[in-house]
Amino acid sequence: MTLTEKLLMLHGPQDGRAECMDSPRCAYVGNIAPVERLGIPPVNMNDGPQGFRAPTSLAGTSTAWPSGLTIAASWDEEAAFEWGQGMGKEFYDKGSNVQLGPGLNVARVPLNGRNFEYLSGEDPYLGYKLVQPVVKGIQSQKVVANAKHFIQNNQETNRVGVSEEVDERTRFEVYYPPFEGAVEAGVGSMMCSYNKINGDWSCENPMTLRHDLKKTLNFEGYVMSDWGATHSMSITEGLDVEQPGASWMNSAFLTEALEAGTVK
C-alpha cells in the first residue's frame with residue numbers, strides 16, 4: 001500500500017459525509033473508503049447496539065431486537081449469543097461489516113438516557129460474562145463488533161463537556177470489566193466516548209487508551225472515535241480511526257507529522 005492508501009484507512013470521508021458505498025439497499029452512518037487498486041472494499045459501519053438502524057427511505061425494514069438492558073436482565077448467555085448472532089446476520093445481509101455495538105457502559109447514573117442500550121446493567125461482572133457470547137455471535141457472521149463507549153460515558157446531559165473524575169482502582173474494578181470481557185472474546189474494535197476523563201478527552205487520553213486498554217487489557221483491535229469526538233490528531237495517544245470525517249486524522253496532518261518524526 002502507498003502511504004496515501006494507508007492514511008485513508010484512518011478516517012471517514014474527507015468531507016465528513018457518510019456516503020453509502022457499493023450498495024443501493026441502504027445508507028450507513030460511517031465508512032472508510034475502499035482501496036480499489038488492491039481490491040480492498042469499503043468498511044461500512046452502522047448503528048447500533050440493538051439492531052440495524054435503517055435510513056428513512058427504508059423505514060420498517062429492520063428487526064426491532066430487544067435492548068441491551070433487556071438481554072442483561074435475562075442473565076442468559078445462550079440468549080446473548082443468539083441475540084448477537086441474529087443482529088450480526090442482519091447487518092451482514094444489509095451490507096454493513098461493522099456493527100456499532102454492543103453498548104457496555106455500567107449504569108452508574110439512573111437518569112442516563114442511554115442506560116437501555118447497555119448490556120452491563122449495574123453489574124460489571126454481569127457485563128463481563130454476557131458480552132463475550134454477544135461479541136462471538138456478532139463476529140460469527142463476518143461482521144466486526146464495536147464495543148462502546150470507552151470509557152465512563154455515564155450521562156447524556158452535557159456529554160461533550162463533562163469530565164468524569166475516576167481513580168485507577170474504580171476504573172479497573174467497576175468500569176473496565178465489561179470491556180475486558182469483550183477483549184477476551186476477540187472484539188475487533190472499540191469506540192471512545194465524548195466525555196473527558198480526569199480532564200482529558202476520552203479519544204485522546206493516553207492513560208485509558210494507550211496504557212489501560214492497549215497495554216494492560218491487551219486489546220489488539222482498533223479504537224474508533226465516536227462521531228465528532230476527536231479533538232486533535234490523537235494517533236499517538238491511542239486513537240486509530242476518526243469518524244465520521246477527517247478533521248484531524250487527515251492525510252495532510254499525518255504526512256506532516258511523519259515527516260517531522262512526531263508520528264512513526
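The values are calculated or read from the model by the stated rules, or taken from the named source; none is laboratory data. Owing to the predicted nature of the structure, the values given are computational and were not obtained by experimental measurement. Virtual Cβ from ideal backbone geometry, glycine too; neighbours counted across all protein chains shown. Heavy atoms of the whole protein, side chains included, go into the accessibility calculation; ligands, DNA and RNA do not. Shrake-Rupley method; radii C 1.70, N 1.55, O 1.52, S 1.80 Å.
Here are a few things to note about the model shown:
- Of all residues in the stretch 173-204, those being among the charged types (D, E, K, R) and either more than 15 Å from residue 232 (Cα to Cα) or in contact with a strand residue (DSSP E or B) (Cβ under 6 Å, 6 or more places away or on another chain) (or both) number 4.
- Some residue of the stretch 138-149 being more than 28 Å from residue 41 (Cβ to Cβ), polar (S, T, N, Q) and surrounded by fewer than 24 Cβ atoms within 10 Å (Cβ to Cβ): no
- Residue 59 being open to solvent by less than 50 Å² (accessible area, probe 1.4 Å) and small (Gly, Ala, Ser): no
- Set side by side, the residues 258, 254, 239 differ, and just one is open to solvent by 40 Å² or more (accessible area, probe 1.4 Å) and either among the aliphatic types (A, V, I, L, M) or not in a loop (DSSP other than H, G, I, E, B) (or both), which is 258.
- The lone exception for residue 246 - which of (1) hydrophobic (A, V, I, L, M, F, W, C); (2) farther than 29 Å from residue 136 by Cβ; (3) open to solvent by less than 20 Å² (accessible area, probe 1.4 Å); (4) not in a loop (DSSP other than H, G, I, E, B) it fails: (4)
- Taken over the stretch 75-97, the criterion of being hydrophobic (A, V, I, L, M, F, W, C) and either touching a Ser or Thr at 6+ places or on another chain (Cβ under 7 Å) or surrounded by fewer than 19 Cβ atoms within 10 Å (Cβ to Cβ) (or both) is satisfied by 75, 79.
- Considering residues of the stretch 112-137 that are hydrophobic (A, V, I, L, M, F, W, C) and at pLDDT below 95 only, the residue least open to solvent (accessible area, probe 1.4 Å): 119
- Out of 165, 117, 90, sole residue that is more than 23 Å from residue 239 (Cβ to Cβ) and acidic (Asp, Glu): 90
- Filter pass, residue 53 being in contact with a strand residue (DSSP E or B) (Cβ under 8 Å, 6 or more places away or on another chain), surrounded by fewer than 19 Cβ atoms within 10 Å (Cβ to Cβ) and touching a residue at least 24 places away in the same chain (Cβ under 8 Å): yes
- Filtered residues of the stretch 68-96 (kept if outside any helix (DSSP H, G or I), more than 17 Å from the chain's Cα centre (by Cα) and under 27 Å from residue 31 (Cβ atoms)): 94, 95
- Unmet requirement for residue 152, which otherwise passes all of (1) over 24 Å from residue 81 (Cα atoms); (2) open to solvent by 10 Å² or more (accessible area, probe 1.4 Å); (3) modelled with pLDDT under 95: (2)
- Being open to solvent by less than 50 Å² (accessible area, probe 1.4 Å), β-branched (Val, Ile, Thr) and not in a helix (DSSP H, G or I) holds for only one residue in 223, 183, and it is 223.
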